[in-house]
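Data first, discussion second: the structure below is written as C-alpha cells.
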Amino acid sequence: MFKATCAAVFAALFFLGTTTSAVTLTSRDSSIALSGTLLGFDGEFYRIQTDYGELTVDGSGVLCEGPACPSLSDYVAELQISGAPTLGAVVMPALITAFAQKEGYIAEREDGPDATTFSYLIRRAEDEKLVAQFFFRVTNTDEGFADLLADEADIVMALREIRSEERSRAREAGMGDLTGTNRSRVLALDAIVPVVSGSNPVRGISLSDLAQVLAGRITNWEALGGPDVPIDLHLPSAVSGLGQAIMDQLMAPSSFDTFSEAATPHEDSAALVQAVLADTFALGVTSYAARGGTQALMLTGTCGFAMQASRRAIKTEDYPLTAPMFLYFPARRLPQLAREFLAFTRGPTAQIVIRRSGLVDQTPEEIAVEEQGNRFTNAISQAGTEITLGELQRMTSTLVPMSRLSTSFRFEAGSIRLDAQSRSNVQQLARALEVGQYDAWRLMFVGFSDGNGAAEANRDIALRRAEAVRRAVSDAAITANLARVELGVDAFGEAMPMACDDSSWGRRTNRRVEVWVR
C-alpha cells in the first residue's frame, strides 16, 4: 500500500505499519469536497476510503487538506514488495540496480531492522534527489499474499500460482482478479528437479515413482533400479513456495496430500544440496537454479522417452515440471516510476539480468531442426497405426524449412485455459509483434495432442487450440500492424509426442501449441 507520508517517516517505521489519516479533497472551484482516509498517492492520483467506498481522484483537479497530505513538489514514490526470498534476495535487487543504471538513477540499498527487511533508495543521478523508495519484506510466498491481503504490500513475489482461497479473498477485498492479464505476470522461469549425488548409480525416475517416494510409499532404491539401500529423502520446507509448488505439481495429481514423515525438510536450498552431495543414497528435490553440483535425474516413462531439465526445455515447457516465478499486484495504480520499473522487467536488458542470476529468462529463441534432438525420429518410432506415412511426410515438409521458437503454449489440466507460463508467453509474443520484430516473417501456430482417442479427432482438437492461441496473440498485439506478418495455423495431432501418454504429466506435455517461424 502506498502511504502518503514523507519518506523519512516511512523509513523510520519501515514496514511495521503506519496509521492512516483523514484528509479532505476539495475541487478547485470549491463545489465538491470529499473527506476520508488517505490510502495512497501515486504522484498523480489520490486513493481515499470514503463513505461511498474506495475512490481514486485525479490530483490535478483537487486541493488536499489535512496533515497526511503529501508534498506535490517533493513527492517520493513508495512501493512495498513482499514474498519469496528466491526473488527478493537476488533477482529483484539485480533488476532494480540495472533499471537505475539504464534510466539515469542511483540505487542505494538500506538494510532494515532485521534480516527479512531492506529497501532501495532511488535517486536522480544529476542532483541525488530522492525520487522513490522500494521496501522489501523477504519471507515466503504465503507471507507475501498475506501482506497483500492485509493491504501492506503492493507486489507479491511468489514461487507458485495464487491459490483459489487467496484469489477469492483478494477479489472480496476489492483487489480484482489476481489471475487477470494486468494483475500477475511471470518474472522468470525455473523448474522442479529430483537430484542425487554424482556417485549414485540411478540416473532416471518416472514422475509417478517420484510422487510415491515423496509420499513415503517407495522407500528403497531397489524399487527404482538401484541397490537395496534405503532412500534418504531431502525436501524443501512444506511452507516454502517451492515446497508448495512440489505439492501442487507432483503430489496433488497423484492424490497425495502430505510429504513423507521420514523426509528431512530444509529451509535453505543450499543446505539441501549439501546434504545430497554428502550422501550417495540421498534423494533431494529442489529447483533447477539451486541444484548446484548435484546430478539431476532424468524424468522417464514406460514408452522409453526421457526428459532432462535444461534451460531450453524449461523455456519451451517440454520439461514437465516447470516452475514459473510470479509477481502479483492488486487492481490499483502504481506510481509512474514503479510502472516504468515493471515495464523494464519485460525488456531485453532485464532478461539478461534474470539469466545471469541463474534463472531461465523468457527471451524467445529460434531452434533449428538439427538442434531439436530426436523429435522427428521419435515421431516416426512412436507413430501408431492411425498416423500415416503421408501425415508424417506432410509434417516434415512443413516444419523442416522452418525453425521452432522457444515460445510454446500449454493448457491447465482438464481445461482449455492456457497455463500461467503460456499466458505470459502470449504477452511476450504480442509485444514482439507490436515492435515489428517479426515483420515480413511467417509465424505458424502448430497444434499437437496426446495419443488418447482417435487420431483424426485429436488433430481437430489440436487445430482448434492452435487457432485459439493465434487469436489470443493477435488480440493482445493491440498496436501491431498484422498486415506485415503472416500468422498461420496447422496441426499434426499426436504425430510428434514429447513424453509418454501413460501419465497425466506426459499427456499434458504432449498437448501443446508450438510456434514455428521463417
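Odds and ends about this structure:
- Legend: calculated FRET efficiency, LEU389 to GLU412, from the Cβ-Cβ distance at R0 = 35 Å, rounded to 0.05, equals 0.50.
- ³J(HN,Hα) computed for each position of the range 364-370 - Karplus, 6.51 cos²θ - 1.76 cosθ + 1.60, integer Hz, glycine/proline x: x, 10, 8, 10, 5, 4, 5
- Secondary structure note: in the range 149-308, about 50% of the DSSP beta bridges are antiparallel.
- Efficiency of FRET between ALA275 and GLU103 - r from beta-carbon atoms, R0 41 angstrom, step 0.05: 0.45
- Surface analysis of the chain yields an accessible area of 42 Å² per residue, using protein heavy atoms and a 1.4 Å probe.
- Rounded tilt (10° steps) of 389-399 against the dominant C-alpha axis of the chain: 40 degrees
- Leading residue at positive end of dipole, the chain (Cβ point charges), from GLY104, SER197, LEU429: LEU429
- Checking every one of the GluC sites (Glu not before Pro) in the range 369-415 against DSSP loop status and a limit of 15 other Cβ atoms within 10 Å picks out GLU412.
- If the segment from VAL90 to GLN336 were pulled out straight at 0.36 nm per residue, it would be longer than the present Cα-Cα gap by 86.2 nm.
- Nearest-ten-degree value, helix 455-476 long axis tilted from longest Cα axis of the chain: 20 degrees
- Inter-label distance for SER397 and TRP441, nm, one decimal - labels placed 7 Å from Cα along Cα-to-Cβ: 2.6 nm
- Restricting the trypsin sites (Lys or Arg not before Pro) of the range 394-494 to loop positions (DSSP other than H, G, I, E, B) with no more than 14 neighbouring Cβ atoms within 10 Å leaves ARG417.
- Degrees, to the nearest 10: 420-434 long Cα axis against longest axis of the chain: 70 degrees
- Percent of alpha-carbon pairs separated by more than 20 Å within the range 200-335: 48 percent
- One chain, two ends: GLU261 and ASN220. Fully extended at 0.36 nm per residue, the span grows by 13.3 nm beyond their Cα-Cα distance.
- As a fraction of the 1.4 Å probe accessible area of the range 346-504, surface on carbon and sulfur atoms comes out at 51 percent.
- Dividing the summed -39500 (n - 2.57) terms of all DSSP H runs of n ≥ 4 by the residue count of the chain sets its mean residue ellipticity at 222 nm at -8000 deg cm²/dmol.
- The eigenvalues of the Cα gyration tensor, multiplied by 5 and square-rooted, give the chain an equivalent ellipsoid with semi-axes of 44, 29, 20 Å from largest to smallest.
- Theoretical gain in end-to-end length, GLU128 to GLU467 [0.36 nm per residue, Cα-Cα removed]: 116.9 nm
- Per atom type, the range 169-315 shows carbon and sulfur on 48% of its accessible surface, probed at 1.4 Å.
- Under Karplus coefficients 6.51, -1.76 and 1.60, residue-wise ³J(HN,Hα) of the range 111-120 in Hz, glycine/proline x: 6, x, x, 9, 5, 8, 10, 7, 9, 10
- Antiparallel DSSP beta bridges within the chain, percent to nearest 5: 70 percent
- Cut-off 13 Å, label 7 Å out along Cα→Cβ of ARG355, residues of the range 303-344 by amide N: 311-312, 315
- Sites GLU366 and ARG431, calculated FRET efficiency, Cβ-Cβ separation with R0 25 Å, nearest 0.05: 0.90
The values are calculated or read from the model by the stated rules, or taken from the named source; none is laboratory data. Quick caveat, the model's predicted, so the values are computed rather than measured. Note that we place each Cβ from the backbone using ideal geometry, even for glycine, and neighbour counts take in every protein chain shown. Protein only, heavy atoms only, side chains kept; ligands, DNA and RNA dropped before computing areas. Shrake-Rupley method; radii C 1.70, N 1.55, O 1.52, S 1.80 Å.
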